[in-house]
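S.K.: Just passing along the structure, written as structure tokens.
The values are calculated or read from the model by the stated rules, or taken from the named source; none is laboratory data. All figures in this text were calculated on a predicted structure; none of them were measured in a lab. Note: ideal-geometry Cβ built from the backbone for every residue, glycine included; neighbour counts use all protein chains shown.
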Amino acid sequence: YLHDVHLEILYEGFPLFPMLAGYCYGILCHWGVPILVNLGIVILIMGQMGVAIVMCIVFRHQSIILPMSPFKFSPLLILILFLDVFLYDVINFSINFFSKKR
């Protein structure tokens, strides 16, 4: 729901086709939040949705494997995988959007 709220209420981007351009007329744009920050938030939320989808696939895969299979992950390994992918997305977002000199 966070993705829908941000894209439909807070951001509301409007593309101008056939030009490669667009503008924003959402609540955050009226409050003066730059469009690059809004796009960064969209990318972060979409990346987190990708993490959620991958983790659903991993959990589903692990639920149908036999208990003594060599492909069965330990719960600690699943937690490390989740944190690795989650933190990579957050760190990549913060490096790209908050460390640039403006």
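S.K.: Within region 34-51, identify whether any single residue is not hydroxyl-bearing (Ser, Thr, Tyr) and not in a helix (DSSP H, G or I), and answer yes or no. Give the derivation first.
M.R.: We begin by selecting, within region 34-51, every residue not hydroxyl-bearing (Ser, Thr, Tyr); these are 34-51.
So of that shortlist, the ones also not in a helix (DSSP H, G or I) come out as 34.
Scanning region 34-51, I find at least one residue that is not hydroxyl-bearing (Ser, Thr, Tyr) and not in a helix (DSSP H, G or I), so the answer is yes.
S.K.: Condition check: touching a Leu at 6+ places or on another chain (Cβ under 7 Å) and in a helix (DSSP H, G or I). Does residue 28 satisfy that? So that I can check it myself, show each step before the final result.
M.R.: Details: touching a Leu at 6+ places or on another chain (Cβ under 7 Å): yes; in a helix (DSSP H, G or I): yes.
When the stated conditions are applied, residue 28 passes them.
S.K.: Turning to a different aspect of this structure: Residue under question is residue 92, and the condition is that it be surrounded by 12 or more Cβ atoms within 10 Å (Cβ to Cβ), part of a helix (DSSP H, G or I), among the polar types (S, T, N, Q) and out of contact with any helix residue (DSSP H, G or I) (no Cβ under 7 Å at 6 or more places or on another chain); does it hold?
M.R.: On the way: surrounded by 12 or more Cβ atoms within 10 Å (Cβ to Cβ): yes; part of a helix (DSSP H, G or I): yes; among the polar types (S, T, N, Q): yes; out of contact with any helix residue (DSSP H, G or I) (no Cβ under 7 Å at 6 or more places or on another chain): yes.
Answer is yes for this residue.
S.K.: Related question: Quick check on region 31-41. Is at least one of its residues over 28 Å from residue 82 (Cβ atoms), surrounded by 11 or more Cβ atoms within 10 Å (Cβ to Cβ) and of a type outside the set (Val, Ile, Thr)? Full working, then the answer.
M.R.: Within region 31-41, the first condition is being over 28 Å from residue 82 (Cβ atoms), and the residues that meet it are 31-36.
Narrowing the set further to residues that are surrounded by 11 or more Cβ atoms within 10 Å (Cβ to Cβ) leaves 33-36.
With of a type outside the set (Val, Ile, Thr) added as a condition, the list becomes 34, 36.
Checking region 31-41: at least one residue is over 28 Å from residue 82 (Cβ atoms), surrounded by 11 or more Cβ atoms within 10 Å (Cβ to Cβ) and of a type outside the set (Val, Ile, Thr).
S.K.: If you check every pair at least six apart or on different chains, which have Cβ atoms under 9 Å apart with a residue in region 72-84 that is modelled with pLDDT of 80 or more first and a residue that is in a loop (DSSP other than H, G, I, E, B) and aromatic (Phe, Trp, Tyr) second?
M.R.: Cβ pairs passing all conditions: 81/73.
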